[in-house]
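J.: My questions will all concern the structure given below.
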Amino acid sequence: MSISLSHLTKRYGSNVVVDDVSVEIPEGSLTAVLGPSGSGKSTLLKLISGLETLDQGRVVIEGDDVTNVDPRHRDIGFCFQHYAPFRHMTVSRNIAFGLRVRKQPRDVIAAKVAELLALVKLENKANAYPAQLSGGERQRMALARALAIEPRVLLLDEPFGALDALVRTELRQWVKELHQQIKVTTVLVTHDQGEAMEVADQLLIMHQGRIEQDGHPTDIYERPATEFVQGFLGPTTIFKGSAVRPHALELEGPGAGAIEGAVTSIVELGFEVQVTVLLSDGSMPWVQLSRNEYAALGVGVGSRISIRERD
Amino acid sequence: MGTRVSEDAAPTEAPPADSRWRRPPSRLYSRAGFAGGATFVAGYLSLIVLIPIAALVAHGFSLGVQTGGWGAAFWHWHVHADFRSFWTMITRPAAVSAIRLSLWLSLSVAAINAVMGVAIAWVLVRDRFRAKWAIEALIDLPFALPTIVVGVVLLSLYGMASPVGINLFETWMGLMVALLFVTLPFSVRAVQPVLASLDGEAEAAAKSLGAGGVRTFVSVVLPSLWPAMLGGFGLAFARAVGEFGSISLIAGGVGRTTTASSYIFNLTQGFLWGDAAAVSTALLVLSLAVLVSSNVLARRVARRLAP
């Protein structure tokens with residue numbers, strides 16, 4: 001195991017932000033810590049890096065207990081949500097910072113910086129200042145700067161949070177490819193479940209300072225351990241008194257032997273169509289249909305319809 | 001409103017490099033209103049600042065009385081002659097030594113307070129302690145206190161009858177203590193808001209990359225403070241050059257502690273208006289040079305730091 005956390009606890013006054021968290025993060029994985037804001041996920045990341053001091057627990061990285069090691073000596077690459085560029089330094093100098101601190105010889109630094117500039121595709125921005133970069137470029141510079149020290153672990157705090165939608169999608173894919181290329185154990189924090197599902201091969205779902213569930217994204221999505229996890233990973237609707245995914249329900253014409261009700265609203269979202277049905281017990285589940293299924297069904301608001309769970 | 005929305009949509013996207021300093025004109029406000037504002041500001045500045053300065057310079061070169069009604073060639077000759085008398089007046093040994101004293105004192109005071117200003121601002125912004133409000137108020141005290149009161153206090157504290165046994169009467173050190181006191185708020189208040197605006201992320205990044213406290217301060221924090229420090233330096237210098245009240249008592253009456261401002265005051269006491277205006281003009285030019293160069297330098301540094 002690359003990162004092993006046991007009983008991590010952090011309080012701010014009487015407020016417990018991280019509450020007795022124990023988890024193992026496998027070597028070479030790309031793990032997403034997913035949770036709503038205030039769930040303690042960013043704090044967890046800072047506790048691993050040592051930038052925040054913990055009240056209880058142990059942090060072990062690649063077998064070394066670093067609980068009492070200063071963040072400077074933990075060999076951790078940390079990327080901040082707003083990239084934290086050194087604004088008075090060029091892109092090259094930013095990337096070289098960690099190597100200069102480590103007093104590497106000049107030619108070694110120059111070679112490493114050139115290699116990283118190529119890796120993050122910023123060769124033509126080597127002498128630009130952070131102010132001259134776009135958000136995505138700044139993020140890539142911050143990644144290169146963190147990777148320069150050849151960290152044992154890479155920690156990314158909301159890496160795509162401050163980018164606009166298009167750049168975000170592009171950069172997600174790029175980070176995923178970069179990870180496959182360099183294989184450094186990476187933990188990223190996000191509040192966006194789509195982002196987490198797309199990028200990560202491991203998920204940690206956090207809620208109120210605790211880990212609700214961890215494992216492979218698909219497993220968690222299909223077998224959520226708690227109601228919170230189920231609700232957080234995707235839309236749910238109440239059918240027969242329990243929460244189900246709206247795409248796990250299907251509609252048929254009346255008299256199909258299932259529960260019957262009346263259509264109360266239809267929302268068309270391009271390929272997806274959401275149909276809400278009022279049942280005789282007063283509950284109003286909504287069903288997610290594809291455009292084709294909806295067309296084949298041929299219903300309108302007020303139609304009688306029968307509803308059941310898909311097999 | 002369309003432009004407004006698109007600006008908000010991508011707040012972190014930096015504008016292209018060449019337009020870093022040219023903000024696009026705001027379309028939310030009418031240009032007519034701004035033009036009226038500019039006229040008003042220009043008028044007010046002329047009345048309060050430009051006309052008195054022009055009068056002073058004209059007086060320094062004795063332009064006003066000697067040029068009226070003469071032909072162009074003659075006028076030119078007169079200006080030339082006046083420049084020579086101006087030069088004579090500002091190169092008298094007493095004038096030179098007064099200007100020199102003012103300059104080196106003010107430069108060193110501004111430099112010392114630029115450093116101390118950062119130290120004090122650092123403590124006020126980063127540290128938590130009980131008497132913070134008291135220190136905050138104390139720093140602004142030199143703004144509020146009439147400078148002659150400062151002079152009286154310093155004379156009784158560091159004068160010949162010093163209760164602490166330190167006699168700075170008629171020494172440059174006495175002048176320096178007075179100037180350090182009156183210029184302190186400029187240096188602290190220039191740096192403090194900038195320091196408070198640093199979110200600490202860059203420092204944390206430096207730390208995670210292996211930099212120690214000193215390294216982080218020197219290579220990450222200090223560069224962000226340079227523009228503010230230079231701005232504070234310029235203001236403190238300007239204030240120190242012009243300072244009169246707080247130093248007039250502890251300076252005594254000897255030549256070696258006569259600053260330019262005291263020298264000018266002494267000249268007016270002897271009705272030597274021409275000399276007084278000439279030395280004032282020289283002081284004005286020197287102060288302006290220091291202010292402009294510290295501003296230019298600050299702007300050059302700040303350009304790189306733009307978010």
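J.: Take region A:249-282 and flag every residue that is more than 12 Å from A:Arg304 (Cα to Cα) and exposed (fewer than 14 other Cβ atoms within 10 Å of the Cβ).
T.: A:Gly257, A:Ser265, A:Val267, A:Glu268, A:Leu269, A:Gly270, A:Phe271, A:Asp281, A:Gly282 - these are the residues of region A:249-282 that are more than 12 Å from A:Arg304 (Cα to Cα) and exposed (fewer than 14 other Cβ atoms within 10 Å of the Cβ).
J.: Right, here's the next one. Loosely packed, with under 14 Cβ neighbours inside 10 Å and either away from chain A (no Cβ under 14 Å) or acidic (Asp, Glu) (or both), is that true of B:Val296? Spell out the reasoning first.
T.: Numbers: loosely packed, with under 14 Cβ neighbours inside 10 Å: yes; either away from chain A (no Cβ under 14 Å) or acidic (Asp, Glu) (or both): yes.
Yes.
J.: Are any of the residues in region A:85-97 small (Gly, Ala, Ser) and either out of contact with any Ser or Thr (no Cβ under 6 Å at 6 or more places or on another chain) or part of a helix (DSSP H, G or I) (or both)? Step through it out loud before you land on a result.
T.: From region A:85-97, those small (Gly, Ala, Ser) are A:92, A:96; that's our starting set.
Within this subset, residues satisfying the condition of being either out of contact with any Ser or Thr (no Cβ under 6 Å at 6 or more places or on another chain) or part of a helix (DSSP H, G or I) (or both) are A:92, A:96.
Checked region A:85-97: at least one residue is small (Gly, Ala, Ser) and either out of contact with any Ser or Thr (no Cβ under 6 Å at 6 or more places or on another chain) or part of a helix (DSSP H, G or I) (or both).
J.: Also, I was wondering about something else. Check whether at least one residue in region B:184-192 is of a type in the set (D, E, K, R) and in contact (Cβ under 8 Å) with a residue 12 or more places away in the chain, and report yes or no.
T.: Step one: filter region B:184-192 for residues of a type in the set (D, E, K, R), giving B:189.
In the following step, the residues that additionally are in contact (Cβ under 8 Å) with a residue 12 or more places away in the chain were identified as B:189.
Yes; the residues of region B:184-192 include at least one that is of a type in the set (D, E, K, R) and in contact (Cβ under 8 Å) with a residue 12 or more places away in the chain.
J.: Further question: Looking at the structure I just gave you, is A:Leu204 at pLDDT 90 or above and either within 14 Å of chain B (Cβ to nearest Cβ) or not in a strand (DSSP E or B) (or both)?
T.: Working: at pLDDT 90 or above: yes; either within 14 Å of chain B (Cβ to nearest Cβ) or not in a strand (DSSP E or B) (or both): no.
The answer is no for A:Leu204.
J.: Let me ask you something else. Is there any pair linking a residue in region A:37-66 that is closer than 13 Å to A:Thr9 by Cα to one that is small (Gly, Ala, Ser), with Cβ under 6 Å and at least six apart or on different chains, and which?
T.: As it stands, the answer is A:Gly40/A:Gly209; A:Lys41/A:Gly35; A:Gly57/A:Ser6; A:Arg58/A:Ser6, since those pairs meet every condition given.
J.: When you scan region B:178-268 for helices (runs of 4 or more DSSP H) that lie fully inside it, which ones turn up with 1 or more residues that are under 25 Å from the mean Cα position of the chain (by Cα) and over 25 Å from A:Thr90 (Cβ atoms)? Write out each step before concluding.
T.: Values: elements: B:201-208, B:213-216, B:222-242, B:245-248.
In region B:178-268, B:222-242, B:245-248 are the helices (runs of 4 or more DSSP H) which contain 1 or more residues that are under 25 Å from the mean Cα position of the chain (by Cα) and over 25 Å from A:Thr90 (Cβ atoms).
J.: In addition: Test of understanding: among A:Ser42, A:Ser22, which residue is in the same structural domain as A:Gly194 (by TED's automatic domain parsing), closer than 25 Å to A:Gly63 by Cα and in a strand (DSSP E or B)?
T.: Details: A:Ser42 fails: in a strand (DSSP E or B).
Criteria check complete, one pass: A:Ser22.
J.: Here's a follow-up. Does A:Thr169 qualify as being more than 9 Å from chain B (Cβ to nearest Cβ) and in contact with a Leu (Cβ under 6 Å, 6 or more places away or on another chain)? If you could, list the steps in order and put the result at the bottom.
T.: Numbers: more than 9 Å from chain B (Cβ to nearest Cβ): yes; in contact with a Leu (Cβ under 6 Å, 6 or more places away or on another chain): no.
No: the conditions fail for A:Thr169.
J.: Please go through region A:283-311 and give me each residue that is surrounded by fewer than 18 Cβ atoms within 10 Å (Cβ to Cβ) and touching a residue at least 60 places away in the same chain (Cβ under 8 Å), ordered by number.
T.: Passing the criteria: A:Glu309, A:Arg310.
J.: Have a look at A:Tyr83, A:Tyr12 and point out the one that is crowded, with 23+ Cβ neighbours inside 10 Å and aromatic (Phe, Trp, Tyr). Before the answer, list the steps.
T.: Numbers: A:Tyr12 fails: crowded, with 23+ Cβ neighbours inside 10 Å.
None of the other options fit; the residue is A:Tyr83.
J.: Quick check, is A:Val91 crowded, with 18+ Cβ neighbours inside 10 Å, of a type in the set (Val, Ile, Thr) and at pLDDT 95 or above?
T.: When the stated conditions are applied, A:Val91 passes them.
J.: Confirm whether B:Ser102 is over 24 Å from the mean Cα position of the chain (by Cα) and hydroxyl-bearing (Ser, Thr, Tyr).
T.: Values: over 24 Å from the mean Cα position of the chain (by Cα): no; hydroxyl-bearing (Ser, Thr, Tyr): yes.
Considered against the rule, which asks whether it is over 24 Å from the mean Cα position of the chain (by Cα) and hydroxyl-bearing (Ser, Thr, Tyr), B:Ser102 comes out as no.
J.: Follow-up question, since we're still on this one. If A:Leu233 satisfies every condition in (1) loosely packed, with under 13 Cβ neighbours inside 10 Å; (2) more than 13 Å from A:Val299 (Cβ to Cβ) but one, which is the exception?
T.: A:Leu233 satisfies all of (1) loosely packed, with under 13 Cβ neighbours inside 10 Å; (2) more than 13 Å from A:Val299 (Cβ to Cβ) except (1).
J.: Could you list, in sequence order, the residues of region A:127-146 that are crowded, with 23+ Cβ neighbours inside 10 Å and assigned to a helix (DSSP H, G or I)?
T.: Selection gives A:Pro130, A:Arg138, A:Gln139, A:Arg140, A:Met141, A:Ala142, A:Leu143, A:Ala144, A:Arg145, A:Ala146.
J.: Do you know which residues across region A:80-104 are of a type in the set (A, V, I, L, M), over 28 Å from A:Lys41 (Cβ atoms) and within 7 Å of chain B (Cβ to nearest Cβ)?
T.: Result: A:Val101, single match.
J.: Looking at this structure, is A:Ala225 of a type outside the set (Ser, Thr, Tyr), in the same structural domain as A:Val299 (by TED's automatic domain parsing) and surrounded by fewer than 18 Cβ atoms within 10 Å (Cβ to Cβ)? Quick ask: steps written out before the conclusion?
T.: Details: of a type outside the set (Ser, Thr, Tyr): yes; in the same structural domain as A:Val299 (by TED's automatic domain parsing): no; surrounded by fewer than 18 Cβ atoms within 10 Å (Cβ to Cβ): yes.
When the stated conditions are applied, A:Ala225 does not pass them.
J.: Which of the residues that make up region A:116-126 are away from chain B (no Cβ under 11 Å), part of a helix (DSSP H, G or I) and surrounded by 14 or more Cβ atoms within 10 Å (Cβ to Cβ)?
T.: So the first thing to find is which residues in region A:116-126 are away from chain B (no Cβ under 11 Å), and the list is A:116-124, A:126.
Then drop every residue that is not part of a helix (DSSP H, G or I), which leaves A:116-119, A:123-124.
Once the filter is applied, which keeps residues that are away from chain B (no Cβ under 11 Å), part of a helix (DSSP H, G or I) and surrounded by 14 or more Cβ atoms within 10 Å (Cβ to Cβ), region A:116-126 yields A:Leu116, A:Leu117, A:Leu119.
J.: On to the next question. When you check B:Leu179 against the structure, is it within 10 Å of another protein chain (Cβ to nearest Cβ) and buried (at least 22 other Cβ atoms within 10 Å of the Cβ), yes or no?
T.: Values: within 10 Å of another protein chain (Cβ to nearest Cβ): no; buried (at least 22 other Cβ atoms within 10 Å of the Cβ): yes.
Against the criterion (within 10 Å of another protein chain (Cβ to nearest Cβ) and buried (at least 22 other Cβ atoms within 10 Å of the Cβ)), B:Leu179 does not qualify.
J.: Confirm whether A:Thr169 is at negative phi, modelled with pLDDT of 90 or more and not charged (D, E, K, R).
T.: Working: at negative phi: yes; modelled with pLDDT of 90 or more: no; not charged (D, E, K, R): yes.
No, not satisfied.
J.: Being buried (at least 23 other Cβ atoms within 10 Å of the Cβ) and either within 14 Å of another protein chain (Cβ to nearest Cβ) or of a type outside the set (A, V, I, L, M) (or both), is that true of even one residue in region B:276-293?
T.: For region B:276-293, residues buried (at least 23 other Cβ atoms within 10 Å of the Cβ) and either within 14 Å of another protein chain (Cβ to nearest Cβ) or of a type outside the set (A, V, I, L, M) (or both): absent.
J.: Quick one: would you say A:Val113 is over 22 Å from A:Glu195 (Cβ atoms), in a loop (DSSP other than H, G, I, E, B) and within 14 Å of chain B (Cβ to nearest Cβ)?
T.: On the way: over 22 Å from A:Glu195 (Cβ atoms): yes; in a loop (DSSP other than H, G, I, E, B): no; within 14 Å of chain B (Cβ to nearest Cβ): yes.
Here the answer is no, as A:Val113 does not meet what is asked.
J.: Something else: Taking region A:62-79 on its own, how many of its residues are assigned to a loop (DSSP other than H, G, I, E, B), buried (at least 20 other Cβ atoms within 10 Å of the Cβ) and facing chain B (nearest Cβ under 10 Å)? Outline the logic, then answer.
T.: Restricting attention to region A:62-79, the residues satisfying the condition of being assigned to a loop (DSSP other than H, G, I, E, B) are A:62-63, A:66-70, A:74-75.
Still in the list and also buried (at least 20 other Cβ atoms within 10 Å of the Cβ): A:66, A:74.
Those left that are additionally facing chain B (nearest Cβ under 10 Å): A:74.
Of the residues in region A:62-79, 1 are assigned to a loop (DSSP other than H, G, I, E, B), buried (at least 20 other Cβ atoms within 10 Å of the Cβ) and facing chain B (nearest Cβ under 10 Å).
J.: Among (1) modelled with pLDDT under 90; (2) more than 14 Å from every other protein chain (Cβ to nearest Cβ), where does B:Gly231 come up short?
T.: Result: B:Gly231 passes all but (1).
J.: Tell me which of these A:Ser242 doesn't satisfy, since it passes every other one: (1) free of Cβ contacts under 8 Å to residues at least 12 places away in the same chain; (2) assigned by TED's automatic domain parsing to the domain that holds A:Ser42.
T.: (2)
The values are calculated or read from the model by the stated rules, or taken from the named source; none is laboratory data. Predicted model, so just to flag it, every value in this text is computed and none were measured. Cβ coordinates were reconstructed from backbone atoms using ideal geometry, including for glycine residues, and neighbour counts include every protein chain displayed.
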